[in-house]
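A.B. asks: This is the structure, below, for whatever I ask next.
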Amino acid sequence: MKDIEEIIRNNKDFFEEAEPSNGHFERFNRKLEIRFQVSAPKRSIVPYLLRAAVVTLLVTLSSLWTWDHFIRPENTRMTLGQVSPQYKEVENYYVHQVNLMEGEIVNVDLNNNPEQKAELMNEMKSMDSVYVSLQKELKANPNDERIINAMIEHYQTKVEIMGYIVNQLKTIRNDNKNKKENEKVNL
């Protein structure tokens, strides 16, 4: 192959006289662009991902802060067991007694009258609302003996009332059984 410089020197007259045709430079430029794929510089995706991560982190942290300060229910109540171990034993005893009485009340058949049973259970729950307010007061004043005594008295009263209800329900049940037996004997 001949050297390109030698070709140009030998054909110097040809190169000096001839002009390229119209549009030659534009076509040449397009061919170069196609060959070397000259385009706008590509942007990196890393800054966008970093921004998205920062926004996500800020939203998460602000949500947690909002939950912690405004939405989360704080424990506004305090039990006797949190005051001292002796009161915890007293509370456990009365809670056990109340649970036993509730079990007996639930098991007593009220002549297939669910309305009476539901009303009785609602009354028991309303008694508990008094205890909840006492728990809130105890949280505010944990060393106040008056509140502690009121809580113990509430348990005692609740056990007495529930015992009375259980005895009345058993009496009613026994009376109903006796009536049914007398009716069978008379037939």
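A.B. asks: Have a look at Ser133, Ser84, Ser21 and tell me which one the Gaussian network model of the chain (Cα, springs below 10 Å) gives the largest fluctuation.
C.D. replies: The residue with the greatest mean-square fluctuation here is Ser21.
A.B. asks: Here is a further query. When we measure straight from the Cα of Lys158, which aspartates and glutamates land under 15 angstrom away, once same-chain ones fewer than 8 places off are left out?
C.D. replies: Glu91, Glu102, Glu104, Glu123, Asp128
A.B. asks: Evaluate the charge dipole of the chain about its Cα centre and quote only its size in Debye, nearest 20, assuming +1 on the Cβ of each Lys and Arg and -1 on the Cβ of each Asp and Glu. Before the final figure, lay out the partial values.
C.D. replies: Values: 25 positive and 28 negative charges, 61 e Å.
My answer is approximately 300 debye.
A.B. asks: When the convex hull of the Cα atoms of segment 80-186 is projected onto a plane and the area is averaged over all directions, what value comes out in nm²?
C.D. replies: Numbers: hull surface 29.4 nm².
Over every viewing direction, the Cα hull of segment 80-186 projects on average to 7.4 nm².
A.B. asks: Subtract the Cα-Cα distance of Ile161 and Lys12 from 0.36 nm times their separation in residues, and report this length gain in nm to one decimal.
C.D. replies: Details: separation 149, 0.36 × 149 = 53.64 nm, distance 12.50 nm.
Gain on stretching Ile161 to Lys12: 41.1 nm.
A.B. asks: For the chain, what relative contact order do you get, as a whole percent, if you take Cα pairs closer than 8 Å and at least 6 residues apart?
C.D. replies: Relative contact order comes out at 23 percent.
A.B. asks: Angle, helix 145-186 long axis vs. longest principal axis of the chain, Cα atoms, 0 to 90°, nearest 10?
C.D. replies: Approximately 70 degrees, to the nearest ten.
A.B. asks: Could I ask something else about it? Can you tell me the mean projection area, over all orientations, of the convex hull of the chain's alpha carbons? Units nm², please.
C.D. replies: So the Cα hull casts an average projection of 33.8 nm².
A.B. asks: What is the helix-to-structure angle for 85-107, meaning the angle in degrees between its Cα long axis and the longest Cα principal axis of the chain, kept from 0 to 90 and rounded to the nearest 10?
C.D. replies: Approximately 80 degrees, to the nearest 10.
A.B. asks: Would you mind checking Lys88/Lys117; Lys88/Lys125; Lys117/Lys179; Lys125/Lys177; Lys117/Lys170 for any pair whose Cα atoms are more than 20 angstrom apart?
C.D. replies: As for pairs spanning more than 20 Å Cα to Cα, those are Lys88/Lys117; Lys88/Lys125; Lys117/Lys179; Lys125/Lys177.
A.B. asks: Between Ala52, Ala118, Ala140, which gets the highest mean-square fluctuation from a Gaussian network model of the chain, Cα cutoff 10 Å?
C.D. replies: Top of the fluctuation ranking is Ala52.
A.B. asks: Once the dipole of segment 80-186 is set up with Lys and Arg at +1 and Asp and Glu at -1 on Cβ about the Cα centre, which of Ile148, Tyr94, Gly81 lies farthest towards its positive end?
C.D. replies: Of the listed residues, the answer is Tyr94.
A.B. asks: While we're here: Grab the DSSP H runs of the chain that are 4 residues or longer, score each as -39,500 (n - 2.57), total them, divide by all residues and round the 222 nm result to the nearest 500 deg cm²/dmol. Mind showing how you got there, number by number?
C.D. replies: Numbers: 7 runs with 139 residues, N = 187.
That comes out to -25500 deg cm²/dmol.
Just so you know, all these numbers are worked out from the coordinates, no wet-lab data involved. Predicted model only: the values in this text are computed from it and were never measured. Positions of Cβ are backbone-derived with ideal geometry, glycine not excepted, and every protein chain shown enters the neighbour counts.
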